[in-house]
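Data first, discussion second: the structure below is written as structure tokens.
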Amino acid sequence: MNKNSFVLGLKAGLSIAIGYFPVALTFGLLAKTSGLSIWEATAMSIFVYAGASQYMSLTLISKGVDPILIVLNTFVLNIRHFLMTAALNEKMQSEKRWIKGIYAFGITDESFSVLATRKEEKIGTAFAFGVALIAYSSWVVFTAVGHVIGANLPQFLQAAMSIALYAMFVGLLVPSMRGNRKVVMLALIAAVINGFFYWTGILSTGWSILVATLASSIFVEIIYVRHEKRKRSGGQLKGV
Amino acid sequence: MGAWYWWTLIGMAIVTYIPRAVPLTFLEGKELPPVVSGVLRNIPYAVLGALIFPAILYVQEGNLLFGLIGTVVAFTLAILFSNLMVIVLGTIGVLAIYSLIF
């Protein structure tokens, strides 16, 4: 494995690790107050590793909801990852399937965003492992820490750090928007559709992000394909 | 928690892993039609739009102003600097100062 590229991956994933810190800490704390032991809480972070699903499961567990429903809800919440990993696959270096199966476990909204917005044509396996590992470590370690200390960060810091992952998403998006009208359209249209679903309450968060993303990606692609065609046929006309 | 907890956890782990692993492993080495791969190439930027908005406004429940300030600061820093750490830590810093004062 390329060591240099692995280290670069660790570096690129550092902002995810920082963003996960307060979220994992709070998860550990909430898990404790929901009656989970440190092993039960940490095992969930180790084996499931999905922030939104884990938070949801705590709510459902404390309400005594049927485990099958908890699992179903988790699946629905994570369906969007089908779309993300299919998109990521286009950008990943060709690799043995079982190796891809390992780093696939580390794909979250955040690691996907960091990987998929890289400028390189192809992303190396070692780099993906670096990004995934540092984010995962932060998630697992700070879940346990949150359970052990059983207290949160000072209120002002907790509040401020809740912006971290969103600031990271903004930091990944804005540089790509520069001088690229297609990227601007993609993000804006998806945001508007997602906002519509959020405020009307038609779809739950997991579905909403999935539908908004897909609708925007297809819509913009249609516009651009048509645009290209028109340009091409326009050129031919001139040729005639 | 009883044994059911561990069964639930295993179930959650499986249904979380499937959407992550199936496309990456099954699509390996497969050439997709240009239209499909064109749409897939758009996904990252559309996802970011949907992940950011409107959730960024609601990072602090019941405090829309907090989210708005965070949004403005994050976008401003992202326009001024390209370094991700500067953007993330800078936004946290400004909001920390804000919540200390108010």
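The values are calculated or read from the model by the stated rules, or taken from the named source; none is laboratory data. Since this is a predicted model, take the numbers as computed values, not measurements. Here the Cβ positions follow ideal geometry from the backbone for every residue, glycine too, while neighbour counts run over all protein chains shown. When the accessible area is computed, the model is the full protein with side chains, heavy atoms only, and any ligands, DNA or RNA have been set aside. Shrake-Rupley method; radii C 1.70, N 1.55, O 1.52, S 1.80 Å.
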Under 7 Å between Cβ atoms, which residue pairs at least 6 apart in sequence (or on different chains) link something in the range B:48-61 that is in the same structural domain as B:Thr91 (by TED's automatic domain parsing) with a partner that is crowded, with 19+ Cβ neighbours inside 10 Å and part of a loop (DSSP other than H, G, I, E, B)? B:Val59/A:Ser162; B:Val59/A:Ile163; B:Gln60/A:Ser162
Tell me, which helices (runs of 4 or more DSSP H) wholly within the range A:57-121 include 1 or more residues that are aromatic (Phe, Trp, Tyr) and farther than 18 Å from A:Ile46 by Cα? A:80-89, A:97-104, A:109-116
Is there a residue being closer than 27 Å to A:Ile99 by Cα and surrounded by 16 or more Cβ atoms within 10 Å (Cβ to Cβ) anywhere in the range B:48-68? yes
Of the residues in the range A:104-150, those that are hydroxyl-bearing (Ser, Thr, Tyr) and closer than 22 Å to B:Tyr45 by Cβ come to A:Thr108, A:Ser111, A:Ser113, A:Thr117
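From the list A:Val170, A:Val145, pick out the single residue that is on the phi < 0 side of the Ramachandran plot, of a type in the set (Val, Ile, Thr) and more than 8 Å from every other protein chain (Cβ to nearest Cβ).
After ruling out the rest, the residue left standing is A:Val145.
Quick one: which helices (runs of 4 or more DSSP H) sit completely within the range A:125-208 and have at least 1 residues that are in contact with a Phe, Trp or Tyr (Cβ under 6 Å, 6 or more places away or on another chain) and farther than 25 Å from A:Ala104 by Cα?
Details: elements: A:125-149, A:155-161, A:164-177, A:181-200.
By residue number, A:181-200.
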Only residues that are within 16 Å of A:Leu36 (Cβ to Cβ), at pLDDT 90 or above and either of a type outside the set (Ser, Thr, Tyr) or not assigned by TED's automatic domain parsing to the domain that holds A:Ala31 (or both): list them for the range A:52-64, please. A:Gln54, A:Met56, A:Leu58, A:Leu60, A:Ile61
Could we say that A:Phe112 is over 22 Å from A:Ala164 (Cβ atoms) and at the interface with chain B (Cβ under 9 Å from one of its Cβ atoms) here? no
Tell me whether the range A:22-29 contains one or more residues that are in the same structural domain as A:Thr125 (by TED's automatic domain parsing), touching a helix residue (DSSP H, G or I) at 6+ places or on another chain (Cβ under 6 Å), open to solvent by 50 Å² or more (accessible area, probe 1.4 Å) and part of a helix (DSSP H, G or I). no
What are the residues in the range A:148-167 that are more than 7 Å from chain B (Cβ to nearest Cβ) and touching a Gly at 6+ places or on another chain (Cβ under 7 Å), if any? A:Leu165
Any residue at all in the range B:75-83 that is more than 7 Å from chain A (Cβ to nearest Cβ), open to solvent by less than 40 Å² (accessible area, probe 1.4 Å) and in contact with a Gly (Cβ under 7 Å, 6 or more places away or on another chain)? yes
If A:Tyr136 satisfies every condition in (1) of a type in the set (Phe, Trp, Tyr); (2) open to solvent by less than 40 Å² (accessible area, probe 1.4 Å); (3) more than 9 Å from chain B (Cβ to nearest Cβ) but one, which is the exception? (2)
Would you tally the residues in the range A:38-50 being buried (at least 21 other Cβ atoms within 10 Å of the Cβ), assigned to a helix (DSSP H, G or I) and in contact with a Phe, Trp or Tyr (Cβ under 7 Å, 6 or more places away or on another chain)? 1
